[in-house]
Amino acid sequence: MVEKVYPMTVEGKQKLEQELEELKTVKRGEIIERIKVARSFGDLSENSEYESAKDEQAFVEGRITTLENMIRFAQIIDNDGVDEDEVSIGKVVKFIELPDGEEEEYTIVGSAEADPFSGKISNDSPIARALIGKKINDEVTIATPGGDMLVKIVEVAQSK
């Protein structure tokens, strides 16, 4: 079976490693303590604190497994062979919507790092797929659920 590869930046991998460490060293211990306290309340069949702690434990263990997989199969993005003005994973792209000129800026990252609320979009997103490989001053049509959007790339920079 072929494992999924997770493209990401060095910073993205470091964040995942920090989260994994936090879950293993801190969160696990906190949950085990909550389970012990909840057990002391008696009858486990009607113990909502116990059920809640067990649910959280299952979630955390699942997240640990997911993070370990993502880190194990991480593919660090190397932009050495990519032109400075070319859009790729790990770069910040600024574009204006045509014809009204509304400006937007996104950092293109691997799906494991995506956080749209902080301006980090997945390389699998419709916007990123349309922009990757394009250069400054290129006009690009982006297919979105709300219809096609025409944009002009005005700036491409290495992610900080």
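General remarks:
- DSSP bridge pairs, the range 101-160: antiparallel proportion in percent, nearest 5: 70 percent
- Sulfur and carbon atoms: percent of accessible area, the chain [1.4 Å]: 49 percent
- Residues of type lysines that LYS91 reaches as a straight line, Cα spacing below 24 Å, ignoring anything fewer than 8 places off in the same chain: LYS4, LYS13, LYS15, LYS120, LYS134, LYS135, LYS152, LYS160
- Cα shape, the range 85-149, gyration tensor, a/c 1.5 rule: prolate
- Among (1) 16.3, 52; (2) 17.2, 58; (3) 21.4, 68, the entry derived from the coordinates for Rg and Dmax of the Cα atoms in Å: (3)
- FRET efficiency for GLU102 and GLU51, using Cβ-Cβ distance with R0 set to 45 Å, rounded to 0.05: 0.40
- Å² per residue, accessible surface of the range 26-139 at 1.4 Å: 59 Å²
- The chain, helix-only ellipticity at 222 nm - DSSP H runs n ≥ 4, -39,500 (n - 2.57), divided by all residues, nearest 500: -11500 deg cm²/dmol
- Taking packing as the residue-averaged number of other Cβ atoms within 10 angstrom, the listed peptides 110-122, 44-56 run from highest to lowest as 110-122, 44-56.
- Rounded to whole Hz, the Karplus (6.51, -1.76, 1.60) HN-Hα couplings of the range 21-28, x for glycine and proline: 4, 4, 5, 6, 8, 10, 4, 4
The values are calculated or read from the model by the stated rules, or taken from the named source; none is laboratory data. Please read all numbers here as calculations on a predicted model, not as lab measurements. When we count neighbours, we look across all protein chains shown, and the Cβ atoms used for this are built from the backbone with ideal geometry, even at glycine. These accessible areas exclude ligands, DNA and RNA; they are computed on the full protein's heavy atoms, side chains included. Shrake-Rupley method; radii C 1.70, N 1.55, O 1.52, S 1.80 Å.
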